[in-house]
Each structure stands twice: as C-alpha cells, then as structure tokens.
1. So Asp113 clears everything in (1) surrounded by fewer than 16 Cβ atoms within 10 Å (Cβ to Cβ); (2) in a helix (DSSP H, G or I); (3) touching a Lys or Arg at 6+ places or on another chain (Cβ under 8 Å) except one condition, right? Which one?
2. Does Gln101 satisfy the condition of being outside the structural domain of Asp288 (by TED's automatic domain parsing), of a type outside the set (Lys, Arg) and under 17 Å from Ile169 (Cβ atoms)?
3. Is it true that some residue in segment 215-232 is of a type outside the set (D, E, K, R), buried (at least 18 other Cβ atoms within 10 Å of the Cβ) and within 23 Å of the chain's Cα centre (by Cα)?
4. Could you check segment 84-103 and list, in sequence order, the residues that are part of a helix (DSSP H, G or I) and under 24 Å from Ile336 (Cβ atoms)?
5. I'd like to verify a number: residues in segment 150-168 that are touching a residue at least 60 places away in the same chain (Cβ under 8 Å), touching a strand residue (DSSP E or B) at 6+ places or on another chain (Cβ under 6 Å) and of a type outside the set (S, T, N, Q), how many?
6. How many residues are at pLDDT 90 or above and part of a loop (DSSP other than H, G, I, E, B) when one looks only at segment 1-19?
7. Of Glu256, Glu186, Glu267, which residue is surrounded by fewer than 16 Cβ atoms within 10 Å (Cβ to Cβ) and touching a residue at least 40 places away in the same chain (Cβ under 8 Å)?
8. Against the condition touching a strand residue (DSSP E or B) at 6+ places or on another chain (Cβ under 8 Å) and acidic (Asp, Glu), how does Asp181 come out, does it pass?
Amino acid sequence: MHQGRIIFSQLLDFLPKKSFRTCVKRYKGNYRIRSFTCYEQFLCMAFAQLTYRESLRDTVVCLRALQGKLHHVGIQTEIAKSTLADANEKRDWRIYCDFAQILIGQARKLYADDDFGLQLDETVYALDVSTIDLCRSVFPWARFRSTKSGIKLHTLLDLRGNIPSFVSITDAKVHDVNILDELLPEPGSIYVMDRAYLDFERLYKLHCGLAFFILRSKTNTKLRRLYSAPVDKSTGIICDQTVRPVVAKSANAYPEKLRRIKYYDKEIGKRLTFLTNNFLLEARTVADLYKCRWQVELFFKWIKQHLRIKKFFGISETAVKTQIWIAISVYVLVAIMKKRLKLEQSLYTILQILSITLFEKNLISCAFTENYYENKITTGHIQLNLFDS
C-alpha cells in the first residue's frame with residue numbers, strides 16, 4: 001500500500017510554482033503579509049472547487065476538519081473564515097488571472113495535436129459569451145438592468161482540447177461584440193462566431209491581421225452578389241457567393257470582398273447563412289466549422305455545472321473575479337494532469353474521483369484505475385457464512 005504523499009499534493013506537482021511566485025511578486029500580493037500567503041489562498045479556493053464546496057463557511061469547516069493534513073500541501077496557517085474572506089476581498093485578482101494564462105499556455109501545447117472532428121491544419125477558435133446573473137442589491141457594481149446585476153464571461157475556446165485561450169470578465173451591460181477590440185488576431189487561425197459579432201469594422205481588423213472568420217449573417221444584412229460558384233446541393237449547400245456590403249457605411253468599414261454561403265441544416269430544419277473571408281475552404285467545411293462552435297456552449301454548461309462560479313464566496317468585484325480565475329485555473333490544471341498522465345476518463349469523471357480522494361495516500365495515477373474501486377470482501381473466519389446449516 002502506498003504510504004507516501006497525498007493525492008492533493010501530487011496534483012500540485014503539475015503547478016508551475018515558480019511562475020506563481022512571479023505573478024504574486026508582480027502585483028505585490030504578499031506585501032506586508034505575515035501569514036496566509038497568496039499561495040495558501042489559492043490552495044484553499046482550489047480545494048473548494050475540487051470538493052464542490054458551496055460557501056466560504058462550508059470550505060473553512062472542511063479545511064479545519066483536515067487541519068492535521070494541510071501541511072502536506074503547503075497550508076501552514078490555521079484557516080479562519082475572516083482570513084480567507086479578507087484575502088478574497090483585498091488581494092489583487094490579476095495574480096490569479098495571469099497565473100491562469102500561464103496554465104492555459106501549457107495546456108494548449110499539450111492539446112495542440114488533438115482532433116476536433118475536422119482534418120484541418122489551422123487553429124480553430126470558437127468565440128462566445130455566457131452571462132452569470134447576480135442579485136442587484138448584493139452586487140451593485142455589476143451593472144446590467146434596472147432590476148438585476150450580472151457579469152459576462154467572454155471566452156475564446158481552442159477547439160483542440162476545449163482549452164480557453166482567452167477569457168475576459170466584464171459587466172453584463174458590455175455588448176458581446178466589444179470584446180473583439182481586445183483580441184489580438186493570430187495569423188492563419190479561424191475564428192468561429194455567432195451573429196452577435198457581426199461588425200464590419202471589427203471584422204476587417206481580423207482580416208487585416210491575416211486571420212479568418214466564420215459567422216452567421218443577420219437577416220437585415222444587405223449584401224450585393226458579385227459571383228456565384230457551382231455547388232453540390234446534395235451536401236445541403238444552397239449557394240456559395242462572392243458578395244460586398246451594400247450600405248455605404250458597411251462598405252467603407254469592410255472594403256474587401258466577402259464570401260456568403262447558404263446552408264440547409266436537416267437536423268434542425270433551418271436555413272443558415274454564413275459570412276467568411278476564407279475563399280479556400282470547401283463550402284460544406286465552412287458549415288461544419290460553424291457546427292463545431294457548439295463546443296463553446298457545452299464548455300459554458302460544463303463549468304457552470306461542475307465548478308463553483310454561480311455561487312460566490314464574496315460580494316466585491318475582486319472576490320468574484322478571484323473565484324472565477326481560480327476556478328478556470330483548476331479546470332486547466334486537471335486538463336494538464338489528464339494529458340500528462342494519459343488518463344482516458346473524462347474531466348467530469350476525474351473531478352468526481354478527486355473530490356473524494358484528495359487527502360488519501362495513494363499514487364495519483366492509481367487513483368484513476370478500475371482496480372482501485374473494486375470492493376474486496378474479506379473471507380475467512382472473521383466473516384460469518386450466512387448459508388451454513
């Protein structure tokens with residue numbers, strides 16, 4: 001039987017601790033801190049994510065019950081609810097934002113060769129946003145509507161491995177399309193978006209950055225057809241056209257030609273119209289790429305169900321952003337561990353197993369084998385035979 005380190009400690013081996021210290025130093029996170037460092041704060045919040053804690057009090061009670069084991073993972077301070085609450089309220093959330101980006105960079109390299117259903121050499125991103133509703137009286141800083149508050153989680157998802165490449169947290173009042181101003185176009189990459197991102201001026205910036213985009217057209221978008229390419233209608237493609245914007249403002253904002261593809265989706269019984277600046281891909285491939293955009297919707301659904309980002313442990317903007325960025329860090333950390341240990345289980349299964357085995361002394365690789373969960377019943381003189389006559 002393994003008598004070495006606990007599983008939580010082994011999981012933390014996949015964390016680049018030197019990079020974490022660099023992020024803390026950058027924002028002076030431990031300045032004048034005598035106890036309960038930023039790393040300890042990160043570990044406590046990571047514990048809450050991994051074990052599905054519902055509140056700050058819930059987290060602290062469970063940590064105190066494990067006080068004798070916490071030194072194995074690097075928590076030397078006796079945890080108090082006020083201490084953890086103050087840390088979440090006052091310490092710079094950008095520490096955990098920058099650290100999450102470092103983890104994302106590592107994960108993307110590990111998943112760079114993964115297949116997402118289409119045989120393409122280009123990197124494909126899906127851009128979308130998810131709104132998290134908040135109580136207006138408790139979170140007045142998160143402006144949304146007159147009766148409620150909310151925040152938006154803008155996410156650029158790398159479809160190879162479903163790793164978030166870019167995440168931005170804003171007030172829910174910020175329009176989705178504004179996030180395009182923060183993106184740095186990656187030459188040769190393909191950005192798949194919904195029609196909410198149809199803004200010709202911003203799309204032209206992507207085009208000038210040598211990036212490709214695919215998005216749905218709005219019903220009131222006026223375009224002039226220049227040329228129609230032959231299509232195979234048995235594939236669902238209705239037409240493949242070269243077009244230009246008709247309205248003068250749109251034409252000035254996007255002076256180049258666009259490609260318009262109309263496609264009938266039999267699964268949903270709808271006719272869809274796509275716009276793209278890529279004239280080399282087959283028309284059906286463009287339609288299939290837009291279908292892959294659904295993965296970002298599944299990503300939002302997954303993290304809302306399995307990470308603690310709907311119930312917050314603090315009410316300030318700093319506390320909310322700290323919790324979200326640590327949640328993202330935990331998601332990416334588990335994804336890194338999954339790839340490096342070559343685990344076949346899904347992230348959901350891995351998180352469920354981790355939630356009940358964090359403080360067990362067992363090899364982390366063995367914790368995900370089927371033999372670990374076999375119920376071995378002891379037979380012998382200790383156990384009575386119910387069927388003895």
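1. Failing condition for Asp113: (2).
2. For Gln101, the condition - outside the structural domain of Asp288 (by TED's automatic domain parsing), of a type outside the set (Lys, Arg) and under 17 Å from Ile169 (Cβ atoms) - is met.
3. yes
4. Taking segment 84-103 first, the residues part of a helix (DSSP H, G or I) are 84-90, 94-103.
Residues satisfying the conditions are Arg94, Ile95, Tyr96, Cys97, Asp98, Phe99, Ala100, Gln101, Ile102, Leu103.
5. Taking segment 150-168 and keeping what is touching a residue at least 60 places away in the same chain (Cβ under 8 Å), we get 151, 153, 155, 157, 159, 161-165, 167.
From what's left, touching a strand residue (DSSP E or B) at 6+ places or on another chain (Cβ under 6 Å): 151, 153, 155, 157, 159, 164-165, 167.
From the residues that got through so far, the ones that are of a type outside the set (S, T, N, Q) too are 151, 153, 157, 159, 164, 167.
Qualifying residue count for the region: 6.
6. 2
7. Just one listed residue meets the conditions, Glu256.
8. It is false that Asp181 is touching a strand residue (DSSP E or B) at 6+ places or on another chain (Cβ under 8 Å) and acidic (Asp, Glu).
The values are calculated or read from the model by the stated rules, or taken from the named source; none is laboratory data. If you're wondering where the values come from, they're calculated on a predicted model, not measured in any experiment. Quick reminder, even Gly has a Cβ in these numbers, built from the backbone with ideal geometry, and neighbours come from all protein chains shown.
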